[in-house]
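The values are calculated or read from the model by the stated rules, or taken from the named source; none is laboratory data. Predicted model, so just to flag it, every value in this text is computed and none were measured. Don't worry about glycine lacking a Cβ; one is built from the backbone with ideal geometry, like all the others, and counts go over all protein chains shown. Each accessible area value is taken on the protein alone, full model and side chains, heavy atoms only, with ligands, DNA and RNA left out. Shrake-Rupley method; radii C 1.70, N 1.55, O 1.52, S 1.80 Å.
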Amino acid sequence: MTPRRYDPDRRGRIIDAAIRVVGRGGIAGLSHRTVAAEADVPLGSTTYHFASLDELLVAALRRSGEGFAGAVRGSAALTGTGADLAAGLARLTGQWLAGDRTGVELEYELYLAALRRPALRPVVAEWTDGVVAALSARTDPATARALVALIDGICLQVLLTDAEYDEDRTREMLGRLLA
């Protein structure tokens, strides 16, 4: 372990280490000790920056949860008025699922951890509300929320069943919601 007196990036390294630990072994493998070892920091640093594992999970969820939400917010095809919203969302979902599978699984594991860890629920709500807000530029908020729910369901089915993502079918289902 390398001693670091002044270390302004330590908190961020601890969050990144927590994401790697959860990515490798799931939330069950997360402890202050495993994160400290992964981040190469003293154990006291993890408890100094994050008094509880829930605080650490909140920070990890905020950082990792930017995957799909960030892609939606940054997609001109989805926020521009002329594009086919169903086709753009189906394509973006496929690109996200085809990317770093570990990252996608991690994002959903942290997302679903909110079922048993109420401290995570506000972060999940922020993520959902952010995607809904971005999509609301193209449709009404209720439809945007339904689109997010459908995409969540499709992604979970692909992740949990190892099914192949079907962009055409997804576009059709999203189109039905938008009709």
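Looking at L110, L106, L89, just one residue is closer than 17 Å to A144 by Cβ and either among the small types (G, A, S) or buried (at least 19 other Cβ atoms within 10 Å of the Cβ) (or both), and that residue is L89. Of the residues making up the stretch 1-26, just one is in a loop (DSSP other than H, G, I, E, B), surrounded by fewer than 13 Cβ atoms within 10 Å (Cβ to Cβ) and at pLDDT 85 or above, namely D9.
Scanning the stretch 108-129 for residues that are touching an Asp or Glu at 6+ places or on another chain (Cβ under 9 Å) and closer than 20 Å to S75 by Cα yields a total of 2. Answer yes or no: is there a residue in the stretch 51-65 that is modelled with pLDDT of 90 or more and among the acidic types (D, E). Checking the stretch 51-65: at least one residue is modelled with pLDDT of 90 or more and among the acidic types (D, E).
Residues in the stretch 27-62 that are within 16 Å of L110 (Cα to Cα), in a loop (DSSP other than H, G, I, E, B) and open to solvent by 30 Å² or more (accessible area, probe 1.4 Å): S31, S52.
When you look at R101, is it of a type in the set (D, E, K, R) and surrounded by 17 or more Cβ atoms within 10 Å (Cβ to Cβ), yes or no?
Working: of a type in the set (D, E, K, R): yes; surrounded by 17 or more Cβ atoms within 10 Å (Cβ to Cβ): no.
No, not satisfied.
Looking across the stretch 91-135, the residues that are assigned to a loop (DSSP other than H, G, I, E, B) and closer than 28 Å to D168 by Cβ come down to G99, D100.
Taking residues in the stretch 34-56 that are of a type in the set (F, W, Y), and partners anywhere that are part of a helix (DSSP H, G or I), the pairs with Cβ atoms closer than 8 Å and at least 6 places apart or on different chains are F50/I14; F50/H32; F50/L56; F50/A59. Per the listing R145, R138, the residue uniquely open to solvent by 40 Å² or more (accessible area, probe 1.4 Å), more than 17 Å from R62 (Cα to Cα) and part of a helix (DSSP H, G or I) is R145.
Among the residues of the stretch 1-58, those that are over 21 Å from the mean Cα position of the chain (by Cα), within 20 Å of A119 (Cα to Cα) and hydroxyl-bearing (S, T, Y) comprise T46, T47, Y48.
Here's the yes/no breakdown for (1) under 22 Å from G23 (Cα atoms); (2) under 17 Å from the mean Cα position of the chain (by Cα); (3) acidic (D, E):
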{"site": "R62", "(1), (2), (3)": "yes, yes, no"}
{"site": "A71", "(1), (2), (3)": "yes, yes, no"}
{"site": "G88", "(1), (2), (3)": "no, no, no"}
{"site": "Y111", "(1), (2), (3)": "yes, yes, no"}
{"site": "V132", "(1), (2), (3)": "no, yes, no"}
{"site": "R145", "(1), (2), (3)": "no, yes, no"}
{"site": "A149", "(1), (2), (3)": "no, yes, no"}
{"site": "Q157", "(1), (2), (3)": "yes, yes, no"}
{"site": "D162", "(1), (2), (3)": "yes, no, yes"}
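Between a residue in the stretch 151-179 that is among the acidic types (D, E) and modelled with pLDDT under 95 and any residue that is part of a helix (DSSP H, G or I) and surrounded by 15 or more Cβ atoms within 10 Å (Cβ to Cβ), which pairs come within a Cβ distance under 9 Å, given they are 6 or more apart or on different chains? That search, which allows pairs on different chains as well, returns D152/Y108; D152/Y111; D152/T128; E164/V158. Under the condition of being open to solvent by 90 Å² or more (accessible area, probe 1.4 Å) and either in a loop (DSSP other than H, G, I, E, B) or small (G, A, S) (or both), the residues counted in the stretch 153-179 number 3.
For first residues located in the stretch 16-33 and within 12 Å of G103 (Cβ to Cβ), partners that are of a type in the set (S, T, Y) and open to solvent by 10 Å² or more (accessible area, probe 1.4 Å) and lie 6+ apart or on another chain with Cβ distances below 6 Å form the pairs I19/S64; G23/T102.
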